[in-house]
There are 2 protein chains.
Amino acid sequence: MDTKSQASFQEKALELLLHDADKIAKLIKVQMDHLTMPSCPLYEEVLDTQMFGLSREIDFAVKLDLISREKGKQILDTLEKELSLLHDAYTNK
Amino acid sequence: MDTKSQASFQEKALELLLHDADKIAKLIKVQMDHLTMPSCPLYEEVLDTQMFGLSREIDFAVKLDLISREKGKQILDTLEKELSLLHDAYTNK
């Protein structure tokens, strides 16, 4: 195994977290694009589970000093906002 | 932030994962010590959720080369065995 610097760990950690966040954002977008279909409770369950998984990864990365607490919060907040828009779209339909 | 070596990241990552695994093991033990009480479905839900969270942390650490895939699998397998013992204890009660 190569010796890696803290900077390369931080870079890779952020890349992995943003990749996982992007997967969740895509799930939200798919649901937004199909608002004419009834809301699927299983879909919400999947989104909740994925959000929980991502938050655990972020906590872990923060504890290892791989990302800042602020950056982690920012990633989750962005997704929470999109989730909230999705929820509103269904509520106002 | 100090520059840290890969070895120190690996050490800290393993420590964090074992700490989280230990919290789950304690949850299982508490339930084992109270077998005379009825099994609480919420308790199983909590254990499942915690196991999922830990598995996501482990996947993340494996992708960062902080722990080996085998070590991660070993941590989860150990907990799965304890969960299985708990389940058996309730089934055979």
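Here the calculated FRET efficiency for B:S68 and A:F52, from their Cβ-Cβ distance with R0 = 22 Å, stands at 0.30, rounded to the nearest 0.05.
Across the identical copies, the 7 Å label point of A:Y43, projected outward along Cα→Cβ, sits 3.7 nm from its counterparts, in ascending order. Pick from B:T78, B:T36, B:T49: which is most flexible by mean-square fluctuation in a GNM of chain B where alpha carbon atoms under 10 Å apart are linked? Looking only at B:T78, B:T36, B:T49, the largest GNM fluctuation is found for B:T36.
Surface analysis of chain B yields an accessible area of 62 Å² per residue, using protein heavy atoms and a 1.4 Å probe. Given their separation in residues at 0.36 nm each and the Cα-Cα distance between them, A:D59 and A:D88 gain 7.6 nm when the chain is fully extended. Rounded if a/c is under 1.5, else prolate if a/b beats b/c, else oblate: with a ≥ b ≥ c from the C-alpha gyration tensor eigenvalues square-rooted, which is the stretch B:6-91? Prolate, because a/c is 1.5 or more and a/b exceeds b/c. Take every pair of alpha-carbon atoms less than 8 Å apart whose residues are at least six positions apart; their mean separation over the length of chain A yields a relative contact order of 44 percent. Distances between equivalent label points of A:K73 across the copies, with each point positioned 7 Å along Cα→Cβ, amount to 4.0 nm, shortest listed first. Estimated from the Cβ-Cβ distance and a Förster radius of 25 angstrom, the FRET efficiency linking A:L42 and B:K81 is about 0.25.
The values are calculated or read from the model by the stated rules, or taken from the named source; none is laboratory data. Owing to the predicted nature of the structure, the values given are computational and were not obtained by experimental measurement. Heads up, the Cβs are rebuilt from the backbone with ideal geometry, glycines too, and the neighbour counts pull from every protein chain shown. Note: areas computed on protein heavy atoms with side chains; ligands, DNA, RNA excluded. Shrake-Rupley method; radii C 1.70, N 1.55, O 1.52, S 1.80 Å.
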